[in-house]
Every structure is written in C-alpha cells, then in structure tokens.
1. In degrees between 0 and 90, to the nearest 10, how far off the longest principal axis of the chain does helix 41-61 point, with axes built from Cα atoms?
2. Does anyone have the angle between helix 69-85 and the longest principal axis of the chain? Alpha-carbon axes, 0 to 90°, nearest 10?
3. In whole Å, what are the extents of segment 1-50 along the principal axes defined by its C-alpha atoms, from largest to smallest?
4. Mind checking which of Thr70, Tyr102, Ala144 is farthest towards the positive end of the chain's charge dipole, using Cβ charges of +1 (Lys, Arg) and -1 (Asp, Glu) about the Cα centre?
5. Quick one: longest stretch of the chain between exposed loop GluC sites (Glu not before Pro), exposed meaning at most 13 other C-beta atoms within 10 Å and loop per DSSP?
6. Going by alpha carbons, how many degrees (0 to 90, nearest 10) lie between the helix axis of 3-28 and the longest principal axis of the chain?
7. Please report, in debye to the nearest 20, how large the charge dipole of segment 1-51 is about its Cα centre when each Lys and Arg carries +1 at its beta carbon and each Asp and Glu carries -1 there.
8. Relative to the present Cα-Cα distance, how much length would full extension add between Asn31 and Ile99 at 0.36 nm per residue of separation?
Amino acid sequence: MNDAVILERSKRLANHAIWTVTLQYRRMRTNEPEDSKFMLRWWADLQFFILSLHRLRTAVKIALNVSDITISTRMAVAIEEFDKAIPDLKKLRDIGEHIDAYAVDNPKRHRPEVNRRQLEVGSWNGTVYEWLGIKLNVDEANTAAQKLFKTLLSAYRNFARPEMK
C-alpha cells in the first residue's frame, strides 16, 4: 500500500471522527429535547465525546505507517502533543468500554485500582468532567482534537500524490 492510500484512509477516518467530536462537544453545551426525561444525557454525551477523541487518535495514528519520514515524524509529534493535552484519555476510554469487568471488580481488569463503586460517580460543571479521579476539560480536549486533525489534513494536502492504487 502506498503512502497516498494510507494518508487518504487516515484522513477519511479522522474526518468522520472529528465531526463526531465536534457534534458531541456541541451537544454538551446545549439543551436537548430529551433532557427533561434523561437527566444523565450529559454523561452519555461525555462518554461518546471520549470515544470520539480516542477514535480520532486511532485514525490519525494510521498515518504513522507512511514511508515518508517527514510526514510520519510530524504525525508522531502531533499525536504526542494530543496525548499530553489529554493524558488520561486511554484510561477513560478503556474503563468505559470494558465497564462489564469493572462493574463486578473482575480480578482480570486492566486497572485494578478502579473499582465498581467509582463507575457511577462523576461531576460536570459545563467545562470539566470529573470521573475516576480524572479531570477532563472539554474545551482543551476539543482544541487538541482540532489541532491534531488540522495537522493530518495539512500533511495530506501537502503530500505529492503518485497514482493511488
């Protein structure tokens, strides 16, 4: 597979992810019709926001497979900056996605320091989501996501494309 194909795929998947990040970010800032009946809608939107951020990172990471060292290095640096901006993203995502293991304190869960009593305890002040002792500032996370995507988009647009196969 050539670099053009890899970058194209990374960009397409990341494009979908950044739209989802943006959608969830907006939903966290608005009143929605179901709010009167679904009091924890904000929690659901935050969980989807976390998943979308992780999906974006995964999609951008595909670009690390290009043979062009300049591009792969640039993308590695961008991912590193994203990770520094949202250092606990993987932990939040993993626990949310493997909630079945944490709900019963499965001894094989990856993070034994997290127990079932912590799963449904969190807070949201409109900017900062606090869960599992982790604070996620959604403004900072959204900014980091937009920056990561723009870096990928720039690499994609500046890449000299041979015929895609």
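1. Tilt relative to the chain: about 20 degrees.
2. It works out to around 20 degrees.
3. Cα spread of segment 1-50 along its principal axes, largest to smallest: 51, 14, 12 Å.
4. Towards the positive end, the residue furthest out is Thr70.
5. Numbers: sites that count: Glu113, Glu120, Glu163.
Longest run free of exposed loop sites: 1-112.
6. 30
7. Details: 8 positive and 6 negative charges, 10 e Å.
Its charge dipole is roughly 40 debye.
8. Numbers: separation 68, 0.36 × 68 = 24.48 nm, distance 2.73 nm.
Stretched fully, the Asn31-Ile99 segment lengthens by 21.8 nm.
Coordinate-derived values only; no laboratory data. All figures in this text were calculated on a predicted structure; none of them were measured in a lab. A quick note on method: Cβ atoms are made from the backbone with ideal geometry, for glycine too, and the neighbour counts reach across all protein chains shown.
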